[in-house]
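Trainee: To start, I am sharing the structure in question, which I have written as structure tokens.
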Protein chains: 2
Amino acid sequence: MSELNVRAEKLDAADELAGKRAEFVTDDVVYLDGNSLGALPAVVPGRVADVVRRQWGELRIRSWEESGWWTAPERIGDRIAPLVGAAAGQIVVGDSTSVNVFKALVGAVRMAGEGRDEIVVDATTFPTDGYIAESAARMTGCALRPVAPADVPDALGGRTAAVLLNHVDYRTGRLHDLPGLTDAVHEAGAYVVWDLCHSAGALPVGLDEHAVDLAVGCTYKYLNGGPGSPAYLYVRRELQDRFDSPLPGWNSHAEPFGMRTGYAPAAGALRGRVGTPDILSMLALEAALEVWDGVPVEAVRAKSLALTDFFLECVAAYVPEGRVECLTPVAHAERGSQIALRCDDAGDVMKRLIAQGVIGDFRAPDVLRFGFTPLYVGFADVERAARVLAGTLD
Amino acid sequence: MSELNVRAEKLDAADELAGKRAEFVTDDVVYLDGNSLGALPAVVPGRVADVVRRQWGELRIRSWEESGWWTAPERIGDRIAPLVGAAAGQIVVGDSTSVNVFKALVGAVRMAGEGRDEIVVDATTFPTDGYIAESAARMTGCALRPVAPADVPDALGGRTAAVLLNHVDYRTGRLHDLPGLTDAVHEAGAYVVWDLCHSAGALPVGLDEHAVDLAVGCTYKYLNGGPGSPAYLYVRRELQDRFDSPLPGWNSHAEPFGMRTGYAPAAGALRGRVGTPDILSMLALEAALEVWDGVPVEAVRAKSLALTDFFLECVAAYVPEGRVECLTPVAHAERGSQIALRCDDAGDVMKRLIAQGVIGDFRAPDVLRFGFTPLYVGFADVERAARVLAGTLD
């Protein structure tokens, strides 16, 4: 047994979160793709069966009240809130991340008001945010300015209305400076929208603490909500009265069953709702969030960093120098919960890895992504992944 | 046994669709709320369990390809297509009805082009369409003009860009003249968007035959997709190249996994996609649509009219004249698949009805709605509903 195997055993034995793995459906592969689709929490199948058979099949329409369907978007939002450092009443769940980016960005531009006609967007963003930002700019009469996150402070000015940033870069796994960039945007008199897809559930976000204005995120990565599970929208309490949604569906009305011809927005986070909530997916997500009971995000972050540190150490030990280039920063303050390795034959390498039971993913043209979900990934998994990787690179 | 009981028995015995009821989870209540939430098709629980346990739990990320997750929006759209008279390749499933109204209406205004700056909206619409139309108008620089459907032809002109209409009125159950109104809109050089929420699955729509431009609809009423199941968007084939979505998420990109910075829309109906599809709800819907195998919409329509005719006859026989007012037109050509009865104490009446096992719904301030889903409602149900109603009105 190698020295790294021994280390992995010791780290697993000392891991306070190790018991959480039993709350997921796992098998003998090393699943490092939870940053794309989280594993299935064991509580979900039974809950979904109840929602389908009893709540829908037997109670039918009564479930909108009796099974709490109607209030699910804000109730589940409140369950996500502590994971991203938000007090209750500021998050609603529903729609896709893309749709929520649209709501948030148009809402931010409208808050900024007259004279501010520029949207700044992370130039390295996951593409959908850029496409939606372009549409939001077009529909609000703004110019769109793509800027690398590090250059954002210098790009801000009196014309800046809103800034859309990613907390963690989907490709490189780089963690951006949310507090510092938020401050910079505020100093320029603009509003910031953070995309938390690759950070929520993996590290502390501190939305309230850092006075973030608006935020969006998906729930199918580190929050394990299931394929395409609904996304969420955070609107800071102080801004809710001014949040003017471009998608004012009947669910966001002050009196949704009043069937009024005129629109009057609800108070609070409900203003971010749109149409009828997607109950099956939403209640599957609610069940999935139960695995977080008693789990501090800080403990998850500590383990995440230990996992990625250990992976880098194992890769350095097993993989010949120069065979792969690490795109993820070494500094903890700049690292999310994934490691991205660059090599020219990444597509083929990932196919071989998957064939040998190590599941990561490939992002064109040349990136191997490995996501580390602290709730179900252990240190022995990490050592094995690096060892198998070294073999496939040979 | 009354004459109407005997008639009901004969009608049920002659009903070619009677066997379909066994494909749903039913009980001893009379469920006349399928125009709000369709009953559970018996095939759904097992399918959903497989999606959760095997496709998500075991295959995980592989299911995006191996379980057909990625192509679900257009595949399920093609399954809905024949029910609304559309050839394949023109419908995608996803998002809520409200979000699809936004896509369709903004898309229609953009097709209309310069010089046309007015959106006409059904003044009697289900509220969300009106709210979203107001937002679409605001964001495209259009004026919004609410017009009663019968007055639409006279309201059209050279400034009309788009017209948003409901095929069946959610409150009164009135069926509007889709072919005639579509022609009128086209003669004015404008584009029409039809909301099919209360007609799809209950009567023939004929989208292609009548050259409808765009259409949207929910899937949780007569299509029985489950609570908040995803809605759909139809874009006529000839217009797809010109459909310019206000929500151009990465799923609508010509090369979604190319991770391009610049947006390039996909060809065809895929252009109506936005973010990651909501797989649990979407595949529950796909299973639910299997009950339509071998069922012609024309047969459903014939039974629907027979059911509502018979209900009106039973109400006339059992309920004292003048106690309720029927808001639904008597003429078949103007009737959807619901009957709306007005009375001052409708809220209390509906509570008593539900307590006695007849489930309809109440729409403020004074409407009793009864929806008749031909796939699982029979004529004995209809007679019983009218009889119990008469008792509660006493």
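What follows draws every value from the coordinates through simple rules; no lab data is involved. Quick caveat: nothing in here was measured; it's all calculated off a predicted structure. Neighbour counts run over all protein chains shown; Cβ positions are idealised from the backbone, glycine included.
Trainee: Using only the alpha-carbon atoms, how far is helix B:3-13 inclined from the longest principal axis of chain B? Give it as 0 to 90 degrees, nearest 10.
Mentor: On a 0 to 90 degree scale, this one is about 40.
Trainee: Could I ask something else about it? If we hang a label 7 Å off Cα along the beta carbon direction at B:Phe257, how far is it from the matching labels on the other copies, in nm, shortest first?
Mentor: 4.6
Trainee: Can you give the angle from 0 to 90° between the axis of helix B:346-355 and the longest principal axis of chain B, with both taken from C-alpha atoms, to the nearest 10?
Mentor: Approximately 70 degrees, to the nearest 10.
Trainee: Given region A:148-254, what percent of its DSSP beta bridges are antiparallel, to the nearest 5? Numbers along the way, then the final one.
Mentor: Numbers: 5 of 13 bridges.
Percent antiparallel among DSSP bridges in region A:148-254 is about 40.
Trainee: Moving to a separate point now. Quick one: of B:Lys10/B:Lys351; A:Lys103/B:Lys103; A:Lys20/A:Lys221, which pairs are farther than 19 Å apart, Cα to Cα?
Mentor: Beyond 19 Å between Cα atoms: B:Lys10/B:Lys351.
Trainee: Taking only DSSP H segments of four or more residues, each worth -39500 (n - 2.57), what value at 222 nm results for chain B once the sum is divided by all its residues, to the nearest 500 deg cm²/dmol?
Mentor: Theoretical 222 nm ellipticity from helices: -10000 deg cm²/dmol.
Trainee: For a footprinting-style exposure proxy, rank A:Ile279, A:Ile80 by other Cβ within 10 Å, fewest first.
Mentor: If I rank by nearby Cβ atoms, fewest first, I get A:Ile80, A:Ile279.
Trainee: Now, a different point. What whole number of Å gives the distance from the Cα centroid of region B:1-61 to the Cα centroid of region B:296-319?
Mentor: The two parts, judged by their Cα centres, are 19 Å apart.
Trainee: Continuing with the same structure: Just want the ordering: A:Tyr318, A:Tyr234, B:Tyr376, from fewest to most Cβ atoms lying within 10 Å of their own Cβ. List each step's numbers first, then the result.
Mentor: On the way: A:Tyr318 18, A:Tyr234 31, B:Tyr376 24.
Listed from fewest to most nearby Cβ atoms, that is A:Tyr318, B:Tyr376, A:Tyr234.
Trainee: Within 10 Å of each Cβ in peptide A:256-269, how many partner chain Cβ atoms are there on average? Round it to a whole number, please.
Mentor: Across the residues of A:256-269, the mean count of other-chain Cβ atoms within 10 Å is 3.
Trainee: Once R0 is set to 56 Å, what does the formula 1/(1 + (r/R0)^6) return for the Cβ-Cβ distance between B:Glu114 and A:Ala317, expressed as a FRET efficiency to the nearest 0.05? Show your work: numbers first, answer last.
Mentor: Details: r = 65 Å, r/R0 = 1.16.
With R0 = 56 Å, the Cβ-Cβ based efficiency is 0.30.
Trainee: Something else: Using only Cα atoms, find the angle between the long axis of helix B:379-393 and the longest principal axis of chain B, and express it within 0 to 90 degrees, rounded to the nearest 10.
Mentor: Approximately 70 degrees, to the nearest 10.
Trainee: Distances from A:Val295 to the same residue in each other copy, label points 7 Å out along Cα→Cβ, in nm, shortest first?
Mentor: Label-point distances to the other copies, shortest first: 4.1 nm.
Trainee: Another question, if that's okay. Between B:Met259 and B:Ala22, take the C-beta separation as r, use R0 = 51 Å, and let me know the FRET efficiency to the nearest 0.05.
Mentor: Given R0 = 51 Å and the Cβ-Cβ separation, E is 0.55.
Trainee: Which percent, nearest 5, of DSSP beta bridges in region A:49-292 are antiparallel?
Mentor: 35
Trainee: Name all residues of region A:158-189 having a backbone nitrogen under 16 Å from the label point set 7 Å from the Cα of A:Ala143 along its Cα→Cβ direction, giving them as ranges.
Mentor: What the label zone holds, given the 16 Å backbone N cut-off, is A:158-163.
Trainee: In peptide A:94-106, what is the residue-averaged number of other protein chain Cβ atoms found within 10 Å of each Cβ?
Mentor: Per residue, the number of nearby Cβ atoms from other chains is 5 on average.
Trainee: Further, regarding this structure: Give, rounded to the nearest 20 debye, the magnitude of the charge dipole that the protein assembly as shown has about its Cα centre when Lys and Arg contribute +1 at Cβ and Asp and Glu contribute -1 at Cβ.
Mentor: 100
Trainee: For the protein assembly as shown, what is the percent of antiparallel DSSP beta bridges, rounded to the nearest 5? Show your work: numbers first, answer last.
Mentor: Numbers: 42 of 80 bridges.
Percent antiparallel among DSSP bridges in the protein assembly as shown is about 50.
Trainee: Please give the peptides B:99-105, B:268-274 ranked by average Cβ packing (other Cβ atoms within 10 Å per residue), highest first, as a rough proxy for protection. Each step should come with its number before you reach the end.
Mentor: Details: B:99-105: 29.7, B:268-274: 25.7.
Final packing ranking: B:99-105, B:268-274.
Trainee: Is the shape of chain A best called rounded, prolate or oblate, per the rule: a/c under 1.5 gives rounded, else a/b larger than b/c gives prolate, else oblate, with a ≥ b ≥ c the square roots of the Cα gyration tensor eigenvalues?
Mentor: Because a/c hits 1.5 or more and a/b fails to exceed b/c, chain A counts as oblate.
Trainee: Here is a follow-up. Given 0.36 nm per residue, what is the gain on full extension from A:Ala123 to A:Lys10 after removing their alpha carbon distance, in nm?
Mentor: So the chain would gain 36.5 nm between A:Ala123 and A:Lys10.
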